[in-house]
Amino acid sequence: MSSFPIFDGHNDTLLSLHLPEEAKERSFFKESNIGHIDFPRAKKGNFGGGFFAVWTPNDGYEVNPEDHVTSDGYDIPLPPPIKHKKALSNTNTFAAGLFRLENESDGKFKVVRNATELAHCLKNDIMAAVLHIEGAAAIDTNFDTLHVLYNAGLRSLGIVWSRPNVYGEGVPFRYPSSPDIGDGLTEAGKLLVRECNKLGIMVDTTHLNEKGFWDVAQISDAPIVATHSNVHALCPISRNLTDKQLEAIAKSNGVVGINYAVNMLREDGGTDTNISLDLIVRHVSYIAEKFGIDHVALGSDFDGTTVPDELKDVTGLPKLVERLKAHGFNDNELQKITHENWVRVLSETWK
């Protein structure tokens, strides 16, 4: 493996492998043109691993985004909350799917539970997977499920997806918009952050509204992380982070994984995929130059969003590294962006 294995902040590949319309046609260990990640394509792209997300699809939520587009932008309503029972069942199914991939891999794919395992995998060309839950609806407020899942391998938790739950509120997909939408964490949400700190589960602020973000920043004793978010100053969509948030992440010694979603990269918030990889580089360099190279990484959102045509899928990652190099990032900086910053933050967070 090259000196720049990419450890990625977020993918939805477990969901893609499970969807009825895709599951029949693709296998993680066989190359296909469906989705963004499978094992053979990942190897071609120098993909060293990442956070494999468990996400529960919306229930009975049928919204046509085009109905919510105006001449000024768009404002797609938040989905309703997901019931705990459904979220828990879904979480168990997807987590089991991740462990099955590990069992089927003949030692080439490993679910990692500590930073030593992660570093070993990156050094020895073993794909490393972190079990991540996107939206804590499956977690009961007694935290029994949290402890069980931690012992199974959970090491990263996003408090919300873009819908409310008993712990907090997410942001809608709204452009242009501030992320300052809705209330902060509930009391249960504040307790959840503290419990994750005790266990050594990374708390992901991605999708969380701004008041919730500041609650995490005040409560957490670990680095602040946004696994797949971008720069609001470059694209003023509700999902992106303001300079004040980026500064807080840097001061905590945290990191932001830059998302490849077209509508979060483009200044106009649009969805046209015919864009240059330089837009990804622009968001990376903004954080590196204003807040420090130690606080920016990659967080693709592969298999969960629409990416630039020039990238296409995981096989396009070497093009991105070359574009970062052409922008002026040296080898030491590229190592930090591609994987070292994630390893550092997880080393400081996991017990």
With surrounded by 20 or more Cβ atoms within 10 Å (Cβ to Cβ) and either assigned to a loop (DSSP other than H, G, I, E, B) or free of Cβ contacts under 8 Å to residues at least 40 places away in the same chain (or both) as the only criterion, which of Ser238, Ser276 stands out?
Ser238
Starting from residues that are at pLDDT 95 or above, among the polar types (S, T, N, Q) and assigned to a loop (DSSP other than H, G, I, E, B), keep the ones in the range 148-203 and report whichever is surrounded by the fewest Cβ atoms within 10 Å (Cβ to Cβ).
Ser178
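Out of the range 94-115, which residues are acidic (Asp, Glu) and assigned to a helix (DSSP H, G or I)? Explain how you work it out, then say what you get.
Initially, the range 94-115 is screened for residues acidic (Asp, Glu), giving 102, 104, 106.
If the condition is that a residue be acidic (Asp, Glu) and assigned to a helix (DSSP H, G or I), then Glu102, Glu104 are the ones that fit.
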Could you figure out which of (1) more than 30 Å from Cys121 (Cα to Cα); (2) open to solvent by 50 Å² or more (accessible area, probe 1.4 Å); (3) outside any helix (DSSP H, G or I) isn't true of Glu66?
(3)
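Here is a check on your reading of the model: is Asp309 over 30 Å from Gly35 (Cα atoms) and either assigned to a strand (DSSP E or B) or open to solvent by 10 Å² or more (accessible area, probe 1.4 Å) (or both)?
Numbers: over 30 Å from Gly35 (Cα atoms): no; either assigned to a strand (DSSP E or B) or open to solvent by 10 Å² or more (accessible area, probe 1.4 Å) (or both): yes.
When the stated conditions are applied, Asp309 does not pass them.
Matching residues to (1) part of a loop (DSSP other than H, G, I, E, B); (2) not basic (Lys, Arg):
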position: Thr56; (1), (2): yes, yes
position: Glu62; (1), (2): yes, yes
position: Ser71; (1), (2): yes, yes
position: Pro81; (1), (2): yes, yes
position: Lys86; (1), (2): no, no
position: Asn92; (1), (2): no, yes
position: Glu117; (1), (2): no, yes
In the range 36-63, residues that are open to solvent by less than 60 Å² (accessible area, probe 1.4 Å) and either in contact (Cβ under 8 Å) with a residue 60 or more places away in the chain or among the charged types (D, E, K, R) (or both) total 19
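What is the residue count in the range 295-306 for residues that are among the β-branched types (Val, Ile, Thr) and surrounded by fewer than 24 Cβ atoms within 10 Å (Cβ to Cβ)? Before the answer, list the steps.
Residues of the range 295-306 among the β-branched types (Val, Ile, Thr): 296, 305-306.
With surrounded by fewer than 24 Cβ atoms within 10 Å (Cβ to Cβ) added as a condition, the list becomes 305-306.
Here the count works out to 2.
The values are calculated or read from the model by the stated rules, or taken from the named source; none is laboratory data. Worth saying up front: this structure is predicted, and the values here are computed from it rather than measured. Because the Cβ atoms are built from the backbone with ideal geometry, glycine has one as well, and the counts that use them run over all protein chains shown. Only protein heavy atoms, including side chains, enter the accessible area calculation; ligands, DNA and RNA are left aside. Shrake-Rupley method; radii C 1.70, N 1.55, O 1.52, S 1.80 Å.
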